[in-house]
Structures are given as structure tokens and as C-alpha cells.
1. With Cβ to Cβ distances under 13 Å as the rule, what net charge do the other residues near residue A:221 carry (K, R +1; D, E -1)?
2. Treating only the Cβ of Lys, Arg, Asp and Glu as charged (+1, +1, -1, -1), what charge dipole size does the range A:165-321 show about its Cα centre? Round to the nearest 20 debye.
3. Roughly what would the spin-label model give for residue A:33 and residue A:356, points 7 Å off Cα along C-beta, in nm?
4. Compute and list, largest first, the equivalent-ellipsoid semi-axes of chain A from the alpha carbon gyration tensor, each √(5λ) rounded to a whole angstrom.
5. With +1 on each Lys and Arg Cβ and -1 on each Asp and Glu Cβ, how big is the dipole of the range A:169-231 about its Cα centre, in debye rounded to the nearest 20?
6. What ³J(HN,Hα) values, in whole Hz, does the Karplus curve 6.51 cos²θ - 1.76 cosθ + 1.60 give for the range A:287-302 when θ = phi - 60°, with x put for Gly and Pro?
7. Beyond 30 Å between alpha-carbons counts as too far, so tell me which of A:64/A:147; A:61/A:410; A:155/A:406; A:61/A:155 fall in that bin.
8. Determine the sum of side-chain charges near residue A:87: Lys and Arg each +1, Asp and Glu each -1, restricted to other residues whose C-beta is under 15 angstrom from that of residue A:87.
Amino acid sequence: MAIALVDANNFYVSCERVFRPDLEGRPVVVLSNNDGCVVARSAEVKALGVVMGTPWFQLQKLAKREGIIALSSNYSLYADMSNRMMGILSTFSPIQEVYSIDECFLDLRGVAQDRLFHMGQAARQRVLQWVGLPVGVGIAATKTLAKLANHVAKKMPEYAGVCVWDDLAEGDQQRLLQQLPVSEVWGVGRQWTTRLQETGIQTVWDLRQTDPALMRKRFSILMERSIRELRGEPCIAMVDIPPPRQEIQSSRSFGRPVTSAEELGEAISLYTVKAAYKLRRQGSVAGALRVFINTSPFQAHLPQYHAARTIALNHPSQDTRVFLQAGRLALAEMYRSGLAYAKAGVHLLEITSADALQADLFTSAEDEARANQLMITLDRVNARFGSGTLQPGVAGLQEPRGWAMKRGNKSPAYTTRWADLARAKLE
DNA sequence: TCTGGGGTCCTAGGACCC
DNA sequence: TCTGGGGTCCTAGGACCC
């Protein structure tokens, strides 16, 4: 039984560097929407002690002194690079679980133990050569151990990017576990780390030595699972085909404070359009939607207001218009004037398969078929001519929208837009 | 001046039922 | 004055992940 975890180093930064080789060896960060926080750091930036999630404005001085280059996030580029990387890795196993944009698990059961290291090396080489992304590989008997092995492969140069846990002598394994802080364990976050430390559990080794049943009582079944996995007992199965989402959200912080009900309504309508599209793409219907509007928690001197409303639909739907209407009602109820709103969003809830949907007692089959056809047409037009080609007027017609997010340093869509296509300079 | 977005899962506790 | 026991379902909140 062996599972590999493959993930890219500083994924977003590495994607940018593929098209900007001049960024190699220089300190680079990628920023979140609105150029707000650091969400990816090159090794050079990590070495400067910049932590994940640092607000960019707090780094101005350091950035100037050290020459840090900041790029706005370019998610369509990263998604495309991710697809290419995952495609290559999928050839190494019939069972691949794409766990996030930059990492996947591969089921390597049946591969002889003495072949695993070579296989890890091959995967690494191929991704680097074919798409230009550096990846690390950890291979072990459980997902949790594979995660740890991956960490070891990246942190310790002698492993050259690939660590096969069961190739290590028992004494070496113990020594590594005793070096790693318990916070490195997959599933152990900030709160749990504090609670564990309070009871004297500092290292991964310490956690491994605890009694799983007792820890389940003190924490939860998730803790028990993690401990068992650390001991080499698989508890977390591979998920080959991703199940449909149970919740779909769309939300954004605004590029500037928003005060008027009109602008707020535009924003919420736009997020509703996006969420409904995601819903249809996975073949689902939603039975309820939740809308929220928030002021900025960082502007403590201004009046704060956080409001949310959940609206249950009479009948589960995938019709953008139904959600728009419900969303507008919710907003009208919540809206208070005289406040500086910083963020709004829409969640679609109670999601089920469109195939299993019961007929609506109060809508004729004909009307429903027409509505479905309208949505199919809408999605087709937008797929062909670009998203936003056709959309409800309530989402706002004026471009650019005043409240839209700021992305000052966005790179071109090198791989997904003809005009931006990367090409070698001939001269 | 400037602080992201999108998910899953588990548990506790209340409402309700017999 | 005295006020059971056991079960299910739902939701909010909190933890985690990237």
C-alpha cells in the first residue's frame, strides 16, 4: 500500500516564473484579490521571514529594501497550469485524487517498494520538463504520512524532492518525527496545536504516541483518525471522482467602500450569476440561498454591521432569475444606509442533483422546460463569446464597475487568451 | 489609505416527538 | 410539593483544509 502526494513548490509564483524567467532567483510574491494579502511566496521571500497572509501594505518598506516583486493573482492562468500538471501526473496511476489547485494524491498500490523512489523522480522530472513547474513528492502508507514525507522531501535537500517514507530506517523516521512540530500534521490547525502543546504534546512523535481513543474523547474523531494515520493505518480513503459540491459560494471584497443600495444590489446580482453558473455546471439545483453584506472589520472606528439572510425557495432551482429575485428580497431586508460596506456574497445551499428533482406542483412542465432551455442558451453564449457576454441587467452594465476589485499587477493570460499568448521573441 | 476566497466536516444544543 | 427517558432532526458555530 503506497500513496504519493505530489505538490508544486510556491505554485502561483512558479506559474508566473514559467512565463517570466527573469523572476527566477528573485524575491516574488503573489497577492490575493484587491492586492490585499500575500498568498504565495518564493523561497527568497520565505527566507526574509514573510509569513503567509501578510497584508501587502505592511510590507512596503521591506519590499522596497529587498526588491520584492508583487504580482496580482491570475487565477485563470493558475487553473490552466494546474490542469496541465494534473494531466501529466494522472499517467502515473489509474487513481488520482486532485486535492487542490496545486496538489494531488496518487494511489501507487501494487508498485514494488524498490520502484517507488524512481517513480517519484520520474513524475518530478516530467512535470518540470513538460510544464516547467517544480514539484515535491512524498510517498507513504497513508495520506497523512505522505503529506509529512512530502514536507521532508522539500525541506531537506538531501532527499532531492522525493521522500519514500518506508525506505527510511526506523530510527531515522523516529528522529524526523521528533524534529517536526505537531502543527505540521495534516488536520492539526492553530487551535488544536495550542491545546496539544498545553498538554505537553509538542512534536509529531509525541502525538503519535498518544492513545487514539482518549484523544477522540478530548478532541474529535478527526484527531483519532490523524493519530492512526501517523501510525501507518489508513483511515482516509482516496477520492477518485470528486462528489458534487454541497455548497457553492461567490463573494468578494470591494475595491473601495460601497454605500448605496444600488451598487450593493449590482454586486450581489453579479455574484448570484456566478454562483448559479457554477451550480448548473455540476448539474445541480439549490433549495436555498444565503446573502450576506459586511462592513470592514479592520475599520474599527466606523460603525460595524454584519447581516445575512437565508431564503428558502419554494422549489429547488437552477434558474439564475429565481436566485436573483430571492437575493434582491434578502438585500432589501438587510440594507441599512449610511454604512461603508466592504464585502458581500452569495451562498447556494441545499444542493441536490437536477436529475433527482421532483416536478414542481405549481409550474407547468412546459414552463420549466423553457426556463431550463434559457439557462442552457445563456451558458452556451457565455462559453463561446466569453463570460459576461450575456447577463441580467441587474448585475450592472457599466464597465468597469466602480466597486470592482483592484488588481494592479496582473500578468497576461498567457495560455488562455489569443492576444496574450506567450511567444518567443524573434528579434 | 491599503487586510482573500471557497470549501468540508463534526459537535453541541435546542426543538420536537412518543 | 412532587416533574422521565430516549430518540431524531436541524442549525449554528467552530474547527480544519488549500
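1. Charge balance near residue A:221 sits at +3.
2. Working: 20 positive and 17 negative charges, 144 e Å.
The dipole of the range A:165-321 has a size of about 700 debye.
3. 3.0 nm
4. Numbers: eigenvalues 321, 151, 126 Å².
So the equivalent ellipsoid measures 40, 27, 25 Å along its semi-axes.
5. On the way: 10 positive and 8 negative charges, 59 e Å.
Taking the Cα centre of the range A:169-231 as origin, the dipole is about 280 debye.
6. Once rounded to whole Hz, the list reads x, 7, 9, 10, 10, 9, 9, 9, 7, 7, x, 8, 9, 5, 6, 8.
7. Values: A:64/A:147 35 Å; A:61/A:410 21 Å; A:155/A:406 35 Å; A:61/A:155 28 Å.
Over 30 Å apart, Cα to Cα: A:64/A:147; A:155/A:406.
8. Details: positive: A:84, A:126; negative: A:80, A:97, A:102, A:103.
Cβ neighbours under 15 Å give a net charge of -2.
The values are calculated or read from the model by the stated rules, or taken from the named source; none is laboratory data. Just so it is clear, the model here is predicted, and its values are computed rather than measured. With ideal geometry, Cβ positions are generated from the backbone for all residues, glycine too; neighbour counts draw on all protein chains shown. All accessible areas refer to the heavy atoms of the entire protein, side chains included, with ligands and DNA or RNA removed. Shrake-Rupley method; radii C 1.70, N 1.55, O 1.52, S 1.80 Å.
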